[in-house]
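Asks: Shown below is the structure under consideration.
Bear in mind these aren't lab numbers, they're just calculated from the coordinates by the rules spelled out. These numbers come from a predicted model, not from an experiment. Every residue, glycine as well, gets a Cβ built from its backbone with ideal geometry; the counts of neighbours run over all protein chains shown.
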Amino acid sequence: MTTITRRDWMGVLARSAPARLAHLLGATPQHSILRNPEIGAVMVRGRAGATGAPFNLGEMTVTRCTLQLEDGLIGHAYVQGRDKAHAIRAAIVDAQMQGPDANDIFARIVSPLLLDENVRKAAIASKAAATKVEFFTMVRGVD
C-alpha cells in the first residue's frame, strides 16, 4: 500500500464529492452508530499573504459522525456541509482503512478519490494560469 497517513485519507474523504464516494463504496457494510451525524460549525482561519498573522475568516458548516463496524473497527468523519449520509460513508471508509483490507479499500476507493481531487486542482490551476499577467520593466537607457 502507498504510505498514506490517516490524516491524508480522512482529508481526501472529507473533500470528496458525496455522489462519487457513494458510487465507489457501493452497499454500506453493517455498522452501529456511536455518534449520530451532527451538524455544526467550525471557525475557518486564514493568513494574510499565506504567511502573515492568522485571522478568523468565518464559519463553515460541517457534519461529523463516529461509527463502529461489525469487526470492531471504529471510524470517524468530518465533512463540509450538511450531508449526513456523506459523513456516514466517510466514517465507514475510515474504519475500513484501519483494518486488514486497507490495501483493497485504498485501491478501490481512496485512490480514485485522490485522482479526482488532483484533476480538480489541475483544472483550477489551469484556469488561474490563463489569467496570469506578466509585468516587466523596459530599460530606457542612460540619461
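Asks: Taking 8 Å as the Cα distance limit and 6 or more residues as the minimum spacing, I'd like the relative contact order of segment 9-125 as a percentage.
Replies: Over segment 9-125, the number comes to 28 percent.
Asks: Grab the Cα-Cα distance for A128 and A48, subtract it from 0.36 nm times how many residues apart they are, and report the gain in nm with one decimal.
Replies: Here the answer is 26.9 nm.
Asks: Taking the chain as a Gaussian network, Cα atoms linked when under 10 Å apart, which of G58, G75, G40 shows the biggest mean-square fluctuation?
Replies: Answer for the Gaussian network model of the chain: G58.
Asks: Here's a follow-up. Looking at [x] 25.3, 77; [y] 20.5, 83; [z] 19.4, 76, which value of Rg and Dmax of the Cα atoms in Å comes from a calculation on the structure shown?
Replies: [y]
Asks: Taking neighbour Cβ counts within 10 Å as the exposure measure, how do I4, I109, I39 sort from fewest upward?
Replies: Fewest to most other Cβ atoms nearby, the residues stand as I39, I4, I109.
Asks: Around K127, under 13 Å between beta carbons, what's the net of Lys plus Arg minus Asp minus Glu among the other residues?
Replies: Once positives and negatives cancel, what remains is +3.
Asks: While we're here: Starting at the first residue of segment 125-135, write each ³J(HN,Hα) from the Karplus equation 6.51 cos²θ - 1.76 cosθ + 1.60 with θ = phi - 60°, in whole Hz, x for Gly and Pro.
Replies: Working through the residues one at a time gives 5, 5, 5, 5, 5, 5, 9, 5, 10, 9, 9 Hz.
Asks: Which ordering of S32, S111 is given by a fewest-first count of other beta-carbon atoms within 10 Å?
Replies: The fewest-first ordering by Cβ neighbours comes to S32, S111.
Asks: Between L115 and F135, with labels modelled 7 Å along Cα→Cβ, what's the label distance in nm to one decimal, could you check?
Replies: 4.2 nm
Asks: OK, next. If exposed chymotrypsin sites (Phe, Trp or Tyr not before Pro) are those in a DSSP loop with at most 15 other Cβ within 10 Å, what is the longest stretch of the chain that has none?
Replies: 1-134
Asks: If you plug each phi of segment 12-28 into the Karplus form 6.51 cos²θ - 1.76 cosθ + 1.60 with θ = phi - 60°, what whole-Hz ³J(HN,Hα) values come out, in order, with x for Gly and Pro?
Replies: Result, rounded to whole Hz: 4, 5, 5, 8, 6, 6, x, 5, 5, 4, 4, 5, 5, 6, x, 5, 6.
Asks: Also: Rounded to the nearest 500 deg cm²/dmol, what is the calculated helix-only ellipticity per residue at 222 nm for the chain, with -39500 (n - 2.57) per DSSP H run of length n ≥ 4?
Replies: Computed mean residue ellipticity for the chain: -11500 deg cm²/dmol.
Asks: With Cβ to Cβ distances under 12 Å as the rule, what net charge do the other residues near Q30 carry (K, R +1; D, E -1)?
Replies: Once positives and negatives cancel, what remains is -2.
Asks: Quick one: L13, L57, L73, fewest Cβ neighbours within 10 Å first, how do they rank?
Replies: The most exposed by this proxy come first: L57, L73, L13.
Asks: Same structure, new question: Quick one: 3J(HN,Hα) in Hz for segment 29-39, Karplus 6.51/-1.76/1.60 with θ = phi - 60°, rounded, Gly and Pro as x.
Replies: Per-residue couplings from phi come out as x, 4, 7, 10, 7, 8, 9, 4, x, 10, 9 Hz.
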